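Engineer: Handing you this structure, nothing more for now.
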Amino acid sequence: MGDMSNSDFYAKNQRNEDNHAAGFGCSLMELRSLMELRGTEAVVKLQEDYGGVEGLCKRLKTSPTEGLAGAQPDLDKRKELYGKNLIPPKKPKTFLQLVWEALQDVTLIILEIAALISLGLSFYHPPGESSGESCGAAAAGVEDEGEADAGWIEGAAILLSVVCVVLVTAFNDWSKEKQFRGLQSRIEQEQKFQVVRGSQVIQLPVADILVGDIAQIKYGDLLPADGVLIQGNDLKIDESSLTGESDHVKKSADKDPMLLSGTHVMEGSGRMVVSAVGVNSQTGIIFTLLGAGTEEEEKKEKKGGAVEDGHQNAGKMQDGNMESNQIKVKKQDGAAAMEMQPLKSAEGGESDEKEKKKVSVPKKEKSVLQGKLTKLAVQIGKAGLLMSAVTVIILVLYFAIDNFVMQKRPWMPECTPIYIQYFVKFFIIGVTVLVVAVPEGLPLAVTISLAYSVKKMMKDNNLVRHLDACETMGNATAICSDKTGTLTTNRMTAVQCYVGDVHYKEVPDPGALSPKSLDILVNAISINSAYTTKILPPDKEGGLPKQVGNKTECGLLGLVLDLKRDYQPIRNQIPEEKLYKVYTFNSVRKSMSTVVKLSDGSFRMYSKGASEIVLKKCSHILNEVGEPRAFRPRDKDEMVKKVIEPMACDGLRTICVGYRDFSSEPEPNWDDENNILNDLTAICVVGIEDPVRAEVPDAIQKCQRAGITVRMVTGDNINTARAIAIKCGIIHPGEDFLCIDGKEFNRRIRNEKGEVEQERIDKVWPKLRVLARSSPTDKHTLVKGIIDSTMVDQRQVVAVTGDGTNDGPALKKADVGFAMGIAGTDVAKEASDIILTDDNFSSIVKAVMWGRNVYDSISKFLQFQLTVNVVAVIVAFSGACITQDSPLKAVQMLWVNLIMDTFASLALATEPPTESLLKRKPYGRNKPLISSTMTKNILGHGVYQLIIIFTLLFVGEQIFDIDSGRNAPLHSPPSEHYTIIFNTFVMMQLFNEINARKIHGERNVFDGIFRNPIFCSIVFGTFAVQIVIVQFGGKPFSCQPLDLEKWMWCVFLGLGELVWGQVIATIPNSRLRFLRRAGQLTQKDELPEEDVNEDNEEIDHAERELRRGQILWFRGLNRIQTQIEVVNTFKSGTSFQGAGALRRQSSTTSQTQDVTNVSSPSHVSLSNALSSPTSTTAATAPPTTGQC
């Protein structure tokens, strides 16, 4: 990074800054160069140039304990000088760019070309009047009724309808992008951080943090800005997002005080002074290289050469996509980003991470459903291509044989344009067949359905971070849930305690305890808990007091208050800076200890933690008068039986509080944890109640009905966990289930060498309902074991909830990771797919409902779309072969295509979910998209529509007593006959759209239709437009106005669809054996996961290569080739074996835009976004911190 700071931009800015910085003791550039140092280098520089951290605070005019005063002019000045804490996002694509992208569609391009040729030829008049006769039948009717002048209309109409399709597609993409950005800003605005201002600790939105602020950092935070550590306890940071190193880095004020934005606090706590924000922070600088690079490309092309020399090593980009930016590594990485207009919302500190995700892998995320759909779309497209080619070949051959063989006419040069006009007409018919066959509406339906669901899920407290998570949730078969805060209210209250050899069933009167025990107890709790944990007065009169910070500690502080004492004076007496040493809580220790220096120079250490763990380390216990007495192993056993187990069986968490005194001479070796955290004196055991949420038992019952197994994975004692599981309804007494703790779990699943074996896990997980005292690694192993299991025929789809930093690996591994919005740490939220804004288990049930609804909406759309496809293609094909002209004209087909694709996807994809969705089992991964009921409906309705249309085509003129429209010459005026066919066809589609609302063979298709206003308005709107097209469409739409009687017939034939739908519903599926096979294909040829992944990689790479503006035709062909290779099976859904892996791979890729630190800190290189194996490191890393 050092190299960049020398560029001319900075030199120029340096001068301005020095004038600015008059107010403060250091300029922006000085701070930036300071933050590039690490370790001892940084400590030395701080000491020499600034006089340590205190000196830096003085220069930045801030107090290390009281923070900024918070006066507005001062804050504004800091903003102006050092920048805001937001990284401007990349500019969204403009509407025109989206239009251009929509135009790249291959079928649309073919149509445009055909229309242009048709237009050109219609203006060409062959020379010589006489040649007309000699060209024979071919020319007959060309000049009839002076209609030749209208020949241009068809070409123009096709172009017009292409414009319509493109605009609709572009508008949809644009609104999707807008929604996504809205969601981003919503996620970012919710991120707040604890800052000290004017001696008050306040929660500040990340975007408002300024240079000079004093930020309090604690376990689980994602640092929002760069800073220098003032004071820290046992602080460990995961800097892998910047350096790629998975080991946690120890930070301390005297050895390595540099804290960088975008890194995660894995252990400990502390305070830092903010030294760089937004684009000037380390993450900001890197992000500017990634994001702003593209903005300035055009400007830089010209002077690229000049810049290159100076910046040979300024951030070499190794990522393939970045090659093009190599030259243009920002000369103005700071400025460029500042010039870019930020979004309306102040995008917070996390925006860089998310933006990177958006930038890096838009192509990657292919979910289960999208995989199935891509397959289907490609297959239909192939069939359509075949049909259209055959149509064109038959038409051309028929014409040639008829003219040149049967009638033996010579080919005359002057007739060439007329023949070409015929061939173009045939070509347009062929393309039309293709247009109708290719279901472009599929991706649109998925997008609309997901976007709609995501918007509505916000109201149900589900904030969806990855779109496809919403649909995966519908297939979930297992949920592994945390206990604390998800199933319970996370309001801890101490209800029982054991002090001085007495077990009190409720909190005792302070007089009942010896003053000595009481004093030690109150001190132990007040000092040995995070000072950020407090109990505040209630917001409303008569409400419960507000608990802030760690809830278990709040429960203990509540006990202090119940004993009529106060913790605050004790904390004021021993402020945080005076604590001698803190061993923070983590999932390995399962306890927390704090050492204080007493007035006589000796040390006292207070300890608290899980009772069975702390009691093991106790050698004494306070008796009834508050004097320590020996505590023997058999006393421990008795205590466990008499005190801890009864408390746990009431569903209480048991916490043991103890202490130990050390002499001052010699000072103990504080790093020798095993000896320090031993030989304790127990003060008391507290039973803390965390009541089950009222709505949870009901929600769990719904899950079980819906075929989803709920498992509880908790760090709590096994008895507590079992008691809560029974209260929630996860286990019912008398059933055959497993409740085991982490130790037993590991014993069962590992072999002699200590390796996890899949077949051992397979013996455990089906019956496992409660896993207690589990470490994060256990959680990850369990999730991975269930996902990888092959013992059940359906691959399990697992959802996991988590709130702690240590839940990251399990959340990433799961198919859907839920993070807690309130109690969750930033690390957990980063790793998750959905954030539960109210931390409530019942919101997960709503997510399941929405997920299933998405799946059903898309099936409804498919059922409708495929019926239209089948009918339209067969009609166009057979009509063309028998009558040399498609009964449905190109423009009419495009209108039908618009109804089918765009409007129908809107109407059917926005059906609201109903409770009945939760009454069926999950579909699972291998289930075909098109069930046998749907196949029955598609074929049944197809048959009805074909019978009606062919009847109208061949005997329609006799029924209605009108002129036949068959065998009409080129450019002849539209006939009533063909108009009736077109109109009836559209009417049947409209009524079939109502049929398509039900896919499980229900009889009442109108059920709940008025709950979906979008559906109603689209059906009526389409009907109205159809009337306009038929009555006033004229030549462009090849329509002749119809009278009322004929209209009634068309509507009547359409209504027949509803009646016919009832007939189809009465045919039992069992009668239709052949459909079963159609719905499934084979299960045998399942691809192993790796193959599928590779194939999909191939598509993505191919598309990325082709993106580089190679010739469109080539791109279209290449795409079809690649996809043909990939797609061999469709309905078997076999591709699905790999899709889970694929999605997980995509989500890890998206989360690992890593920057690797190369030997010297002044060079930062951007590692290939795809190659970083973060998912594995995360999985195998030793268990990190976490609350139980």
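Engineer: Given a 1.4 angstrom probe, what's the average accessible area per residue across segment 392-548, in square angstrom?
Structural biologist: Accessible area per residue: 38 Å².
Engineer: While we're here: Using only alpha carbons, build the gyration tensor for segment 48-107 and give me the equivalent ellipsoid semi-axes, biggest first, whole Å.
Structural biologist: The answer is 49, 14, 9 Å, longest axis first.
Engineer: Quantify, in whole percent, the carbon and sulfur part of the accessible surface of segment 540-617 (1.4 Å probe; protein heavy atoms only).
Structural biologist: Using a 1.4 Å probe with all protein chains present, segment 540-617 comes out at 54 percent carbon and sulfur.
Engineer: Please report the net charge: other residues with Cβ closer than 12 Å to the Cβ of residue 685, K and R +1, D and E -1.
Structural biologist: Net charge in that neighbourhood comes out at +1.
Engineer: Quick check on my link table: of 608/642; 459/534; 763/829, which ones sit more than 23 Å apart, alpha carbon to alpha carbon?
Structural biologist: In this structure, 459/534; 763/829 lie more than 23 Å apart at Cα.
Engineer: Compute the FRET efficiency between residue 883 and residue 744 as 1/(1 + (r/R0)^6), taking r as their Cβ-Cβ distance and R0 = 60 Å, and round to the nearest 0.05.
Structural biologist: 0.20
Engineer: Based on the alpha-carbon gyration tensor of segment 899-1024 and its eigenvalue square roots a ≥ b ≥ c, which shape applies: rounded if a/c is under 1.5, prolate if not and a/b is larger than b/c, or oblate?
Structural biologist: prolate
Engineer: Sticking with this structure for a sec: What's the FRET efficiency of residue 792 with residue 695 using the Cβ-Cβ distance as r and R₀ = 35 Å, to the nearest 0.05?
Structural biologist: With R0 = 35 Å, the Cβ-Cβ based efficiency is 0.70.
Engineer: Give me the three principal axis extents of segment 687-761 from the C-alpha atoms, as integers in angstrom, largest value leading.
Structural biologist: Rounded to whole Å, the extents work out to 45, 35, 20 Å.
Engineer: Let me ask something additional. Could you check how many percent of all C-alpha pairs in segment 161-274 are farther apart than 20 Å?
Structural biologist: Tail of the P(r) past 20 Å holds 51 percent of the pairs.
Engineer: Using a ≥ b ≥ c from the Cα gyration tensor of segment 371-473 (square roots of the eigenvalues), is it rounded, prolate or oblate, where a/c under 1.5 gives rounded and otherwise the larger of a/b and b/c decides, a/b for prolate?
Structural biologist: Prolate shape, in that a/c is at least 1.5 and a/b is the bigger ratio.
Engineer: Right, another one. I'd like to check one number: the per residue accessible area of segment 927-1001, probe 1.4 Å, reported in Å² as a whole number.
Structural biologist: Each residue of segment 927-1001 exposes 31 Å² on average to a 1.4 Å probe.
Engineer: I would also like to ask the following. For every other residue with a beta carbon closer than 14 angstrom to the beta carbon of residue 1007, add +1 if it is Lys or Arg and -1 if Asp or Glu, then tell me the sum.
Structural biologist: +1
Engineer: Counting only protein heavy atoms, what percent of the accessible surface of segment 381-500 is carbon or sulfur at a 1.4 Å probe?
Structural biologist: Percent of accessible area from carbon and sulfur atoms in segment 381-500: 73.
Engineer: Highest mean first, what order results for 45-57, 650-662, 630-642 on Cβ atoms within 10 Å?
Structural biologist: For the peptides 45-57, 650-662, 630-642, the packing ranking is 650-662, 45-57, 630-642.
Engineer: Could you state the accessible area per residue of segment 26-67 in Å², with a 1.4 Å probe and every protein chain left in place?
Structural biologist: Result: 44 Å² of accessible area for each residue.
Engineer: Within the accessible area of segment 709-768, what % is carbon and sulfur when the probe is 1.4 Å and the other protein chains stay in place?
Structural biologist: Carbon and sulfur atoms account for 48 percent of the accessible area of segment 709-768.
The values are calculated or read from the model by the stated rules, or taken from the named source; none is laboratory data. All of these numbers come straight from a predicted model, not from anything done at the bench. Reconstructed Cβ throughout: ideal geometry from the backbone, glycine too, with neighbour counts over all protein chains shown. With ligands, DNA and RNA removed, areas are computed over all heavy atoms of the protein, side chains included. Shrake-Rupley method; radii C 1.70, N 1.55, O 1.52, S 1.80 Å.
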